[in-house]
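Visitor: One structure, as structure tokens, below. Some questions next.
Read-outs: derived from the displayed coordinates by stated rules, not from any lab. Because the structure is a prediction, the values reported are computed rather than measured. For neighbour counting, all protein chains shown are included, and Cβ atoms are generated from backbone atoms with ideal geometry for every residue, glycine included.
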Amino acid sequence: MALLGVTAAVGSAARAGPAQDYALHCMGCHGANAQGVPGKVPPLAHSLVRFMNNAAGRRYVLRVPGAANSMLSDAQLAAVLNWVVTQFDADELGATTPRFGEQEVAANRHTPMAGVLATRAAVLREIAAVGPAPATGY
Amino acid sequence: MQRLDRLFESSARSLAQRSSRRSFIGVLGRILTGSLLVPLLPIDRIHRAEAASGPEGSPGAAEKAPAAAKGKSASKAYTEDQESCDYWKYCAIDGFLCSCCGGSSHTCPPGTQQSVVSWIGTCHNPADGRDYIVSYNDCCGKASCGNCDCYRNERERPLYRLSRNNDVNWCMANTGSDYHCTVSVILGSAGP
């Protein structure tokens, strides 16, 4: 049944663009509904939008290995991230949430992040201080 | 003219005083040895070969890729046999076919669990001329099946392109991480 859900989700987005880029470059680990794998792969649903509303969170998202080292171009990566929040975080996505742009991606993704876990923990603390935080435990 | 002679003579003598033939031979040896090692560096030759033959996922790109880049099963023979490594939707598979292990091409054998993470790529179906998005999930929780070893890995990239490399046990995120076999699940058609 879950498999049918996956087939339908991608089948309906059967053309080149961020939905297909998500399927080919992100979905294998983050899942068809961006739900992640508990304790193993962080979810994007209900998390990515919370990073996007914070300056340090935006930099973190663009520098995590999966995003920074993906084979997507800067413009494609920006489009995929914007597509994910529209698709899976519509209820939390405010009109004031700044979307990612190609230049912002280019300016951040090439700066390596040495301590991913420590950086994530610090960013989560900062976000939690002012509102709901992204998923913990990763 | 004499001044020029003196200049060359002094620089030649200076060079001879500062260096020896033995050290020159040593340096030359190091350069030659180093040059021989360059081809052994992990350079992405597969991608370069495919770039020359067509864009990733483009119809016909897989067919045009050189046989050397396609691994053991480089056959272009069309088959409907889902227990054959040449079956079209196995184009990027690396493992034992579940259709030979008690399951089917897209369902895990009884007693195994489908991996929660997977490798996703595209395959070209020569029957209808379209490209499809395919998820290669491993079936986990039992020892290796050992039947129908299939290694195609078309459009795979070297290990330093981790997200495009298939030398991974996709059972790693499952409770039982033993690898048994691999299924190919079609997720939808791929756009141009």
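Visitor: Kindly write out, for the range A:70-82 in residue order, the coupling ³J(HN,Hα) from the Karplus curve 6.51 cos²θ - 1.76 cosθ + 1.60 (θ = phi - 60°), rounded to whole Hz, with x marking Gly and Pro.
Guide: These are the phi-based 3J(HN,Hα) values: 5, 8, 6, 6, 4, 5, 5, 5, 4, 5, 5, 4, 5 Hz.
Visitor: Could you sort A:18-26, A:89-97, B:153-161, B:8-16 so that the peptide with the highest average Cβ count within 10 Å comes first and the rest follow in order?
Guide: Ranking, from highest mean packing down: A:18-26, B:153-161, A:89-97, B:8-16.
Visitor: Go through the range B:8-13 residue by residue and turn each phi into a ³J(HN,Hα) via Karplus (6.51, -1.76, 1.60, θ = phi - 60°); whole Hz please, and just put x for glycine and proline.
Guide: Using θ = phi - 60°, the values come out as 5, 5, 5, 5, 5, 5 Hz.
Visitor: Residues of A:68-80, mean number of Cβ from any other protein chain within 10 Å of their own Cβ, rounded to a whole number?
Guide: 1
Visitor: I've got another one for you. By the gyration tensor of its Cα atoms, with a ≥ b ≥ c the square roots of the eigenvalues, what is the shape of the range B:71-179: rounded for a/c under 1.5, prolate for a/b over b/c, or oblate?
Guide: oblate
Visitor: Please give the average number of partner chain Cβ atoms lying within 10 Å of the Cβ of each residue in A:23-32, rounded to a whole number.
Guide: That works out to 5 on average.
Visitor: Mind listing the phi-derived Karplus ³J(HN,Hα) values for the range B:85-97, rounded to whole Hz, using 6.51, -1.76 and 1.60 with θ = phi - 60°, and x for any glycine or proline?
Guide: So the J values, rounded to whole Hz, are 4, 7, 4, 4, 7, 8, 4, 10, 7, 8, x, 8, 6.
Visitor: Count charges around A:LEU93 for me, please; just the other residues with Cβ under 15 Å from its Cβ, Lys/Arg as +1, Asp/Glu as -1.
Guide: 0
Visitor: Mind listing the long-range amide H neighbours of B:ASN174? Cut-off is under 5 Å, sequence gap 5 or more, other chains count too, H placed in the peptide plane at 1.01 Å from N.
Guide: Close amide H contacts, sequence-distant or interchain: B:VAL116.
Visitor: Counting partner chain Cβ atoms within 10 Å of every residue's Cβ in A:39-47, what's the average?
Guide: 1
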